[in-house]
Amino acid sequence: VQTIYPQIRELGGDVLAISFSPPARVAAYIQRYPLPFPVLSDPDQHAYRTFALEKTSWWTMLRPTSILRYLKLMVRGWLPWSPAKDDDLLQLGGDFILDEHRRLVFAYRSSEPTDRPVAKILVNVMRSIEEKKLEQEETEKTE
Amino acid sequence: MAIQLGEVVEDLVLVRPEGTAVRLSEFPARALVMIFLRHLG
């Protein structure tokens with residue numbers, strides 16, 4: 001997402017990364033790995049439940065295909081950070097887009113640990129939101 | 001019940017790294033990409 005962040009900003013959007021880790025751990029993480037967008041904490045996982053994000057199983061985590069994907073990520077420069085004692089290792093993530101009225105316009109719930117949407121899809125959704133907004137503004141002007 | 005496409009998401013309260021609470025509505029963007037992480041790392 002870091003690579004498409006400038007495009008998202010150009011389209012009038014913003015990005016929020018959300019972690020279930022406590023704020024202090026998030027602070028330590030972003031000090032070590034700075035990100036261009038805010039990283040917020042959802043320690044009671046209320047937001048995770050609101051978006052119905054699922055949990056995986058140890059079997060899925062340790063499947064050869066999952067391990068292979070992690071190895072590919074490591075080849076691309078990603079380094080695993082040792083999880084905290086109370087980290088929920090089975091919690092899956094997901095990607096969502098809300099419009100300016102906080103209406104859900106895109107939802108992608110990970111089905112396994114390394115499952116994420118292609119970043120380009122997020123930009124395309126953002127572009128379509130922007131186009132709809134411009135069309136709407138044009139219609140309002142002509143009325 | 002999981003939130004569905006087209007529904008309005010509640011004004012969730014999240015916590016900044018320094019410990020202060022923040023609402024989704026405090027991010028005035030035309031659209032907001034929310035990336036839910038797995039464990040940090």
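Coordinate-derived values only; no laboratory data. For clarity, every value in this text was computed on a predicted model and none was experimentally measured. Because the Cβ atoms are built from the backbone with ideal geometry, glycine has one as well, and the counts that use them run over all protein chains shown.
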Query raised in the report: Stretch A:LEU68-A:ALA84 to full length: gain in nm at 0.36 nm per residue minus the Cα-Cα span?
Result: 3.4 nm
Report task. Can you figure out the FRET efficiency of A:THR114 with B:GLU26, using R₀ = 41 Å and their beta-carbon distance, to the nearest 0.05? Result -> 0.85
Report summary line: Going residue by residue through segment A:11-25, the Karplus relation 6.51 cos²θ - 1.76 cosθ + 1.60 with θ = phi - 60° gives ³J(HN,Hα) values, rounded to whole Hz and with x marking Gly or Pro, of 7, x, x, 9, 10, 10, 9, 10, 10, 8, 5, x, x, 4, 6
Requested in this report: Quick one: what are the phi-derived ³J(HN,Hα) couplings along segment A:125-136, Karplus 6.51/-1.76/1.60 with θ = phi - 60°, whole Hz, x for glycine and proline?
Outcome: 5, 4, 5, 5, 4, 5, 4, 4, 4, 5, 4, 4
Query - Derived scalar couplings ³J(HN,Hα) [segment B:13-29; Karplus, 6.51 cos²θ - 1.76 cosθ + 1.60; whole Hz; x for Gly, Pro] - result: 9, 10, 10, 6, x, 7, x, 8, 7, 9, 9, 4, 5, 7, 10, x, 10
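Counting DSSP beta bridges in chain A, what percent are antiparallel, to the nearest 5? Write out the running numbers ahead of the final one.
Values: 6 of 9 bridges.
Counting DSSP beta bridges with both partners in chain A, the antiparallel share is about 65 percent.
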